[in-house]
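The structure appears right after this line, and notes come after that.
The values are calculated or read from the model by the stated rules, or taken from the named source; none is laboratory data. If you're wondering where the values come from, they're calculated on a predicted model, not measured in any experiment. Backbone-built Cβ (ideal geometry, glycine too); neighbour counts: all protein chains shown. Ligands, DNA and RNA are excluded from the accessible area calculation, which covers all protein heavy atoms including side chains. Shrake-Rupley method; radii C 1.70, N 1.55, O 1.52, S 1.80 Å.
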Amino acid sequence: MGQMSSPKKELDLELTNMKRNPYLADYTEFKKRRRKQEAQGEKPEVSPERVSKRKPTRKIVSEKASSQRNIPERSAAKRAAARERRRRMVYYKKLALLTGGAVILITAAVLGIWLWRTGKTAADSQAVNENEVGEEILASLEPEVKIQGISAEDYGKHPTWTEDFLTLNECSRPGDALTQVNSIFVHYTANPGTSAAQNRSYFEQLKDTQETSASAHFIIGYEGEIIQCIPLDEIAYAVQTRNEDSISIECCYLEEDGSFTQETYDSLINLLRWLIETYDLTENDILRHYDCGGKKCPLYYVNNEDAWEQLKRDVR
C-alpha cells in the first residue's frame, strides 16, 4: 500500500500553488490562517484557487436565470419582434407550399388536357386513315362499274344522244364483243334527205329482209340529233376488215355533194372528241371508210381532202 500524504505536505503543495497563482498576492496571510486552523484541530480553509475552479452551484444558476428574466423593456420588444419574424416565416412557408401545390395542379391539368387532345387528334387521324385505307381496299376488291365497256365516270361525260339499240340479229347486230378500239370510222348514209331515225329503221329491218349485213354504232341526223344503235362493247357491221377493233358513225346529209349541215358537223365533232378522249386515241386515229377499202365514203370528205384535214384539226 502506498503511504498516505501528510497534512504538512499537502499544505506545502497548496502554498506552492498559491505562489504560482498570479491573482493571489497575500498568500502569506493564508498560510498563517491555515496553520492556526491545524493547531486548533479545525477543518483547513480551502484555497482561493480551488474555489475559483468550482462549478457554479444550482443557486447561482437560478439567480442568473432569474436575472435574465428581469431584462429591460427593450429586450421584450426584441422578443416580440423575433416572435413576429417566426410567425411570418411560418406564414410564408405555408404560402409557398400552397402556391407550389396550385402550380403543380394547374400544370397537371394543362398537361392532361394537352395529352387528351393530342390523343384524340391522333385517334381521329388514325380513324380517317383507316377509313381511307378501307375505301382503297374496297375499291380494289370491288370491280369497277362499267357501262358499255366504259367506266361509269367516263360514260357520264358523253354528248347527248338517244339510245335505241337494234334487235339482236345476224345481219345488223350480231352481239359479238368489241374488246378493243383502235380507230373511229366516219361514214355517210348515201341516201340524201333521209333522217337518222329512217336509217336506224333500215338497219333494224335487215333482221327480216336479210338482204345484206350493215349497221353502225351511231347515226347523226342532218338536224344534229344522235341515235345510238349498237352498244359500245359490241361490234357493228360497218367496215368489213375492221369491225373487231373500231367504232363507226353514219352521218345524214341533204346536199348532193355529200357535205354535212352545220348541225351534223358540230355533233360529229363533239362525238369524235369524246370518243378519242375515252379510248385514249388522237385525231389521227379518226379515219374515213375510204381509208380502209377505198369506198368513196363519206363522199364529200373523199373529194375534199382539205376539208377532211380541217375536220381533224377541229376535233383536236
Within segment 285-314: backbone nitrogen closer than 20 Å to the residue 240 label point (7 Å, Cα to C-beta): 287-299
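Would you mind telling me the share, in percent, of accessible area of segment 169-316 contributed by carbon and sulfur at probe 1.4 angstrom? Don't skip to the end; give the middle numbers.
On the way: 2610 of 6630 Å².
Within segment 169-316, the accessible surface is 39 percent carbon and sulfur.
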Mean-position separation - Cα centroids, segment 76-122 and segment 216-282, in angstrom: 87 Å
Across 93/120; 120/157; 157/312, pairs whose alpha-carbon gap is larger than 31 Å: 93/120; 120/157
Per-residue SASA entry for residue 299, accessible area with 1.4 Å probe, Å² rounded to 10: 40 Å²
Solvent-accessible area of residue 115 with every protein chain in place, 1.4 Å probe, in Å² to the nearest 10: 100 Å²
Phi to ³J(HN,Hα) by Karplus 6.51 cos²θ - 1.76 cosθ + 1.60 over segment 75-86, Hz, x for Gly, Pro: 5, 4, 5, 5, 4, 4, 5, 5, 4, 5, 4, 5
Inter-label distance for residue 309 and residue 102, nm, one decimal - labels placed 7 Å from Cα along Cα-to-Cβ: 9.1 nm
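So for 111, 232, what's the accessible-area order with a 1.4 Å probe, most first? The partial results should precede the final answer.
Details: 111 90, 232 5 Å².
My answer, sorted largest first, is 111, 232.
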Residue 254 versus residue 109: modelled label distance in nm, points set 7 Å from Cα along the beta carbon direction: 8.5 nm
